[in-house]
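**Student:** Pasting a structure below so you can have a look.
The values are calculated or read from the model by the stated rules, or taken from the named source; none is laboratory data. Being a predicted model, the structure only gives us computed values, none of them experimental. Note that we place each Cβ from the backbone using ideal geometry, even for glycine, and neighbour counts take in every protein chain shown.
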Amino acid sequence: MKKNILMACFMSLALTACQEDYSLNVDFSLPTVLNSPSSITLDVTSATPVTLSWTGGGAADGGVVLYEVLFDKADGDFSEPLSVMKSNQGAQPSLSITHAMINTIARKAGIRPEETGTIKWTVNASKGGVVKRTELVSSIAVTRGEGIDNIPQELFLYGNATENSGQGGLAFRMVSEGVFQIYTTFSAGNISFKSSTNADAFSFYVSDSGKLKEGDETTEAPKVGGVARITVDFNSLTMAVDEIQPMVRCIWGASYGDIAQLQYAGEGKFVGEGDIIFLDPSRPESNPPSWLGWVEERYYFIAVVNGAEMCWGRGDDVSAERPVGGEPDSFYSLYEYSWSQWDHLWKMSGSLDNKHATITIDTNKNGLMMHTFTNVVSIN
């Protein structure tokens, strides 16, 4: 009995010690000094970042404190900041920010092209869900270069070199604020961009110097052998062109075998048909790899971009789950990565096994680049 009492006391002390060892200490102090340039003359094409940093503060237990930087106009109080950005790696006492990003913030602050105005910034710190804001504020006098103030919320491609020979605007997809993208083909001729399909639309073009400008002039269409991916960036005033081979493969991640070959069909769509048979060691006709000991239904797409194979795959890179129906369009959204066999895969719906289907990549559907399975029929 005495032995049992001693053992119970020992366990109680051990439990108390463990509770003390693993209690979360959220004590931390805030930065004491903010450091940034007093003034910046912006060059949105510059690849050299501007560094904002801070010193002082930190966790009482020496642990990790997370930081984010808030930006506002000169007379703002940060209650509705113009922008909020995580610090470098989320926990470093600094933020590297491009001229193009600062230009976007300056535009939101009401600073016009080729004028000087002030933006300010401060820092939020957090640990264990507790968030505090330093009372320190740093100001930066920002001089914007030449630019475009009429940043559109939509963008359309026009010109006699377009797929429809200029018979109406072809819609870009907004990738992020001020950045638009379209997959299309060109013939010889000219192109331009418009903010809408209405008569009062703002017009844009790319100058001989390679800068995006507002105006009614035109730009020579890119000379691309396959499909062109055009990215228009109003933040950096640039247009980038990537060449995509007109055939995209839908493949099994385990075997690299083709499920379907999707050919470019116009209007930003790649379309193909194929037989879908899950890789199964018990079904030799599915051509499973020799090492496979389970049923495999994971897949992604391989596109050739500027001569290199790239993965068009799932965006969140989590362990793929099999869809059951009712998933949002974003579940089927495609993102581009360097290829790695077991990353960025989806699982097929179980209902697609042993089916013939049409697989379509639509590069601009409901504001997303996504894929669908349609015209599904049994193989047997």
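**Student:** Considering every residue within the stretch 187-205, establish whether at least one is farther than 29 Å from I105 by Cα, surrounded by 15 or more Cβ atoms within 10 Å (Cβ to Cβ) and modelled with pLDDT of 95 or more.
**Tutor:** Initial filter on the stretch 187-205 (farther than 29 Å from I105 by Cα): 187-191, 199.
Those left that are additionally surrounded by 15 or more Cβ atoms within 10 Å (Cβ to Cβ): 190-191.
Among the residues that remain, those that are also modelled with pLDDT of 95 or more are: 190-191.
Yes: the stretch 187-205 contains one or more residues that are farther than 29 Å from I105 by Cα, surrounded by 15 or more Cβ atoms within 10 Å (Cβ to Cβ) and modelled with pLDDT of 95 or more.
**Student:** Being among the polar types (S, T, N, Q), more than 19 Å from Q261 (Cβ to Cβ) and out of contact with any helix residue (DSSP H, G or I) (no Cβ under 8 Å at 6 or more places or on another chain) is the filter here, so list the residues in the stretch 332-380 that pass it. Give the steps one after another, and end with the answer.
**Tutor:** Taking the stretch 332-380 first, the residues among the polar types (S, T, N, Q) are 333, 338, 340-341, 349, 351, 354, 358, 360, 363-364, 366, 372, 374-375, 378, 380.
Filter once more, so that each one left must be more than 19 Å from Q261 (Cβ to Cβ): 333, 338, 340-341, 349, 351, 354, 364, 366, 378, 380.
Residues satisfying the conditions are S333, S338, S340, Q341, S349, S351, N354, N364, S378, N380.
**Student:** Checking the structure you have, find out if any residue of the stretch 311-326 is buried (at least 20 other Cβ atoms within 10 Å of the Cβ), touching a residue at least 40 places away in the same chain (Cβ under 8 Å), in a loop (DSSP other than H, G, I, E, B) and not assigned by TED's automatic domain parsing to the domain that holds G225.
**Tutor:** First pass over the stretch 311-326, keeping only residues buried (at least 20 other Cβ atoms within 10 Å of the Cβ): 311-314, 320.
Going one step further and asking which of them are touching a residue at least 40 places away in the same chain (Cβ under 8 Å), we end up with 312.
Still in the running and in a loop (DSSP other than H, G, I, E, B): none.
No, the stretch 311-326 contains no residue that is buried (at least 20 other Cβ atoms within 10 Å of the Cβ), touching a residue at least 40 places away in the same chain (Cβ under 8 Å), in a loop (DSSP other than H, G, I, E, B) and not assigned by TED's automatic domain parsing to the domain that holds G225.
**Student:** For D242, are the conditions met, namely being surrounded by fewer than 14 Cβ atoms within 10 Å (Cβ to Cβ), of a type outside the set (S, T, Y) and in contact with a strand residue (DSSP E or B) (Cβ under 6 Å, 6 or more places away or on another chain)? Step through it out loud before you land on a result.
**Tutor:** Details: surrounded by fewer than 14 Cβ atoms within 10 Å (Cβ to Cβ): no; of a type outside the set (S, T, Y): yes; in contact with a strand residue (DSSP E or B) (Cβ under 6 Å, 6 or more places away or on another chain): yes.
When the stated conditions are applied, D242 does not pass them.
**Student:** Name the single residue that is farthest from E220 (Cα to Cα) among those in the stretch 138-158 being touching a Gly at 6+ places or on another chain (Cβ under 8 Å) and assigned to a strand (DSSP E or B).
**Tutor:** A141
**Student:** Let me ask another. In this structure, does E135 turn out to be in the same structural domain as A91 (by TED's automatic domain parsing), within 19 Å of G215 (Cα to Cα) and assigned to a loop (DSSP other than H, G, I, E, B)? Walk me through how you get there before you give the answer.
**Tutor:** Numbers: in the same structural domain as A91 (by TED's automatic domain parsing): yes; within 19 Å of G215 (Cα to Cα): no; assigned to a loop (DSSP other than H, G, I, E, B): yes.
No, not satisfied.
**Student:** Can you name the number of the only condition in (1) at pLDDT below 95; (2) buried (at least 16 other Cβ atoms within 10 Å of the Cβ); (3) of a type in the set (S, T, Y) that Y183 fails?
**Tutor:** (1)
**Student:** Name the single residue that is farthest from V175 (Cα to Cα) among those in the stretch 327-353 being buried (at least 16 other Cβ atoms within 10 Å of the Cβ) and polar (S, T, N, Q).
**Tutor:** Per the criteria, the residue is S349.
**Student:** Against the conditions (1) over 24 Å from the mean Cα position of the chain (by Cα); (2) part of a strand (DSSP E or B), where does N364 fall short? Just the number, please.
**Tutor:** Only one criterion in (1) over 24 Å from the mean Cα position of the chain (by Cα); (2) part of a strand (DSSP E or B) is unmet by N364, namely (1).
**Student:** Can you tell me which of (1) crowded, with 17+ Cβ neighbours inside 10 Å; (2) under 30 Å from P288 (Cβ atoms); (3) free of Cβ contacts under 8 Å to residues at least 60 places away in the same chain is the one I277 doesn't meet?
**Tutor:** (3)
**Student:** Go through the stretch 206-221 and report how many residues are within 19 Å of G168 (Cα to Cα) and surrounded by 18 or more Cβ atoms within 10 Å (Cβ to Cβ).
**Tutor:** If we filter the stretch 206-221 for residues that are within 19 Å of G168 (Cα to Cα), which is where we start, we get 215-221.
Adding the requirement that they be surrounded by 18 or more Cβ atoms within 10 Å (Cβ to Cβ) leaves 218-219, 221.
Number of matching residues: 3.
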